[in-house]
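Step one of this worksheet: look at the structure below.
Every number in this text was worked out from the coordinates using simple rules, so none of it is lab data. Everything quoted here is computed from the prediction, not taken from an experiment. Cβ placement follows ideal geometry from the backbone for every residue including glycine, while neighbour counts extend to all protein chains displayed.
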Amino acid sequence: MGWLSLLASLPSNEAVRTAVLVGGIAAATSSAVGVFAVIRGQSFAGHALADLAATGGSGAFLLGVNQFWGFVAVAVGAAGFMEAAGVERRRGRDVATGIVQGAGLGLAALFLYLAAQTTTRTGATFTVLFGSMFTIDPSGIPPLLGAGSVALSTILVLSRVLLLSALSPELATVRGVPVRAVSISYLIVLAMSVALSAVAIGAVLSTALLVGPAATALRVARGPIQAMAAAVAIAVGATWLGIVLAYVSYAWPPLGHGWPVSFFVVTLVVLPYALTHMFRRPRPRALSTAQSSASVPQP
Amino acid sequence: MAGAFTPAEELVRLDQVSVRLDGREVLRSVSLVIGPGEFIGLIGPNGAGKTTIIRAILGLVPISRGSLVIEGGTRRRRDRSFGYVPQKLVIDPDAPLRVRDVVSLGLDGHRLGFPLPSRARRELIRETLASVGADRYADARIGELSGGEQQRVLIAHALIARPRLLLLDEPLANLDLRSEQSVVSLLARLVREQRISVLISAHDMNPLVPVMDRIVYVAGGRAASGRAEEVVRSDVLTELYGHHVDVIRVHDRILVVASPGVEEHTTTQPAELSVIGRAGA
């Protein structure tokens with residue numbers, strides 16, 4: 001079968017429809033949340049949560065539970081722990097997170113090994129770590145859509161207080177913003193979006209949807225709303241195009257073995273970022289020095 | 001200092017306020033009144049307690065003794081009538097936050113949901129930026145601006161909520177001389193034209209001397225306030241520091257100098273005391 005006829009059969013394929021739905025919501029949520037992760041300097045936290053989600057996903061697989069719940073439980077739990085441990089203490093944070101991350105991945109290795117010994121399903125390791133949008137069970141779609149909508153609407157509702165507390169936590173406190181509660185809510189939303197992306201493109205790669213589109217958006221858009229819109233467009237576009245390419249790749253060598261969809265998605269996320277670096281936007285540095293002299297108010 | 005305003009007019013009254021942080025008394029019996037339209041300089045060496053006074057007024061630190069009355073006791077929330085300008089921002093230069101977004105957050109950054117874009121809102125932001133001389137860089141990212149430009153934007157952020165009192169924490173630190181002068185004259189103009197009160201902390205009083213109505217001199221957690229010529233005197237500051245200091249005037253600049261060989265006191269650091277009114281940074 002040639003790739004053109006494959007392309008023609010794409011809209012009627014059940015697995016593709018599921019992938020488009022789940023991938024779309026995961027991409028939109030992660031990228032919108034990711035813009036704030038970058039603004040708040042928490043992309044590192046997102047990366048740590050992604051690694052720990054692998055532990056949850058493999059544990060869930062071993063127990064025979066839907067992996068999404070494993071991703072969510074461990075990521076949200078870890079987010080709560082990170083907040084309790086004091087995210088503001090930067091120096092201790094890196095070391096502590098590094099150790100917890102290592103321990104988490106060690107456990108994931110154990111869970112995946114045990115699962116491989118006791119079940120007949122192969123490819124579990126690959127699915128947990130690198131995702132497989134085409135093998136998502138349609139019965140699992142409603143909780144994924146639910147989690148995505150909750151995370152996305154929380155981000156939209158909190159957007160202003162998130163920006164204000166990123167600008168200066170003290171300014172936000174003075175204006176009556178409960179900064180701690182906002183910070184905890186954000187970490188939970190971050191954990192949920194990491195779990196969603198883990199389902200779509202795998203636990204290890206989920207940071208790609210979180211940070212990649214956001215990083216590109218920060219280079220092309222100047223305002224916060226524009227940056228969020230750009231990040232969502234890049235992420236959803238990359239995910240959907242990735243699905244199409246992965247589907248069509250069944251016609252590529254090695255024949256009959258499609259390329260992993262996560263590979264295409266991550267590549268399509270990284271590509272625009274690389275492009276923005278090639279065509280670098282000049283920083284209006286000169287503006288500062290040239291205009292400050294003109295803007296001295298007359299006493 | 002007391003008696004110039006009726007209690008109803010007073011924006012802030014601190015009576016014998018003490019603050020303990022981590023078991024250490026960082027403010028001891030500080031009294032201070034801020035009336036409408038006053039330009040007050042909060043002067044003293046680093047670590048003297050200037051920031052703690054500002055934070056106590058804003059309700060960011062609890063007071064352990066004394067009383068703090070906001071607007072004659074008529075108000076309990078200070079979020080709208082007090083504007084705060086923090087010392088500096090630690091925001092990523094790449095953060096997608098333009099100057100106009102920062103000022104917009106001053107209007108309703110504490111609210112949930114999205115602001116609806118409107119012509120009135122855009123116009124208000126433009127006017128506020130123009131009033132601090134920052135309208136030229138409305139579309140620049142906040143992280144791309146120099147320290148002086150960021151201070152102007154933060155002042156606009158505070159002003160757009162129409163506060164009665166502006167509290168600024170060391171806004172002149174790390175500014176070059178020209179930016180320093182332009183920020184001071186901007187603040188003086190706001191006090192004159194809009195009847196806003198200003199409480200500004202600084203370790204160097206000299207740029208503020210021409211515009212201050214009153215000075216609150218802080219050393220070792222204690223404060224003396226009054227007109228500059230009443231407070232910046234060898235006898236008053238010697239009493240405040242707890243050891244002898246000289247006040248020297250050279251070329252229109254005031255220097256506060258610790259005498260050599262002075263017995264070291266635990267509450268002050270002689271190294272920082274030796275010359276407080278340094279020229280420049």
Task: Computed label-point distance, nm, for sites A:L255 and A:Q117 using a 7 Å Cα→Cβ extension - done: 4.1
TODO: Estimate the FRET efficiency between B:E127 and A:R222 by the formula 1/(1 + (r/R0)^6), using the beta-carbon distance for r and 22 Å for R0, to the nearest 0.05.
DONE: 0.55
Task: Options B:I53, B:Q181, B:G35, ranked by Cα towards positive dipole end of chain B, top entry (Cβ charges) - done: B:G35
TODO: Starting from the Kirkwood radius over alpha-carbon pairs of the protein assembly as shown, derive D by Stokes-Einstein at 37 °C in a medium of 0.692 mPa s and give it in µm² s⁻¹.
DONE: 123
- [ ] Calculate the dipole size of the protein assembly as shown relative to its Cα centre from +1 charges on Lys and Arg beta carbons and -1 charges on Asp and Glu beta carbons; express the result in debye to the nearest 20.
- [x] 960
Open item on the list: Using the Cα centre of region B:94-160 as origin and beta-carbon charges of +1 (Lys, Arg) and -1 (Asp, Glu), tell me which of B:I125, B:L97, B:G143 is placed farthest towards the positive end of the dipole.
Closed with: B:I125
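Divide, for region A:3-278, the radius of gyration over alpha carbons by 2.2 N^0.38 Å, where N is the residue count. Mind dumping the intermediate values first?
Numbers: Rg = 18.6 Å, N = 276, 2.2 N^0.38 = 18.6 Å.
This ratio for region A:3-278 stands at 1.00.
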Task: Ranked A:W259, A:W3, criterion: other C-beta atoms within 10 Å, fewest first - done: A:W3, A:W259
TODO: Rank the residues B:D101, B:D246, A:D137 as a footprinting-exposure proxy: fewest other Cβ atoms within 10 Å of their Cβ go first.
DONE: A:D137, B:D246, B:D101
Open item on the list: Explain nothing, just the number: dipole magnitude of chain B about its Cα centre with +1 on each Lys and Arg Cβ and -1 on each Asp and Glu Cβ, in debye rounded to the nearest 20.
Closed with: 1020
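Taking each residue of B:97-105 in turn, how many C-beta atoms of other protein chains fall within 10 Å of its C-beta, and what is the average?
Numbers: counts 8, 4, 0, 2, 7, 5, 0, 4, 12.
Average per residue, whole number: 5.
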Open item on the list: Please compute the contact order of region A:3-278 in relative form: average sequence separation of alpha-carbon pairs under 8 Å and at least six residues apart, divided by the residue count, as a percent.
Closed with: 33
Task: About the Cα centre, charge dipole magnitude for chain A (Lys/Arg +1, Asp/Glu -1 at Cβ), debye - done: 940
- [ ] Considering Cα pairs under 8 angstrom that are at least six residues apart, work out the relative contact order of region B:94-160 and quote it in whole percent.
- [x] 55
Open item on the list: Could you sort the peptides A:101-107, A:69-75 by per-residue average Cβ neighbour count (10 Å cutoff), highest mean leading?
Closed with: A:69-75, A:101-107
Open item on the list: Placing +1 on the Cβ of each Lys and Arg and -1 on the Cβ of each Asp and Glu in the protein assembly as shown, which of A:G24, B:V236, A:A78 has its Cα farthest towards the positive end of the resulting dipole?
Closed with: A:G24
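What average count of beta carbons from other chains do you get within 10 Å of the Cβ of residues in B:137-145?
Working: counts 6, 0, 4, 7, 5, 1, 0, 5, 5.
Rounded to a whole number, the mean comes out at 4.
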- [ ] Over chain B, calculate the relative contact order: mean separation of alpha carbon pairs under 8 Å at least 6 apart, over the residue count, as a percent.
- [x] 23
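Could you put B:T52, A:T118, A:T276, A:T216 in order, starting from the residue whose Cβ has the fewest other Cβ atoms within 10 Å?
Working: B:T52 21, A:T118 9, A:T276 15, A:T216 26.
Fewest-to-most ranking of B:T52, A:T118, A:T276, A:T216: A:T118, A:T276, B:T52, A:T216.
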- [ ] State, to one decimal in nm, how far the label point of B:L68 lies from the label point of B:Q194, with both points 7 Å from Cα in the Cβ direction.
- [x] 2.4
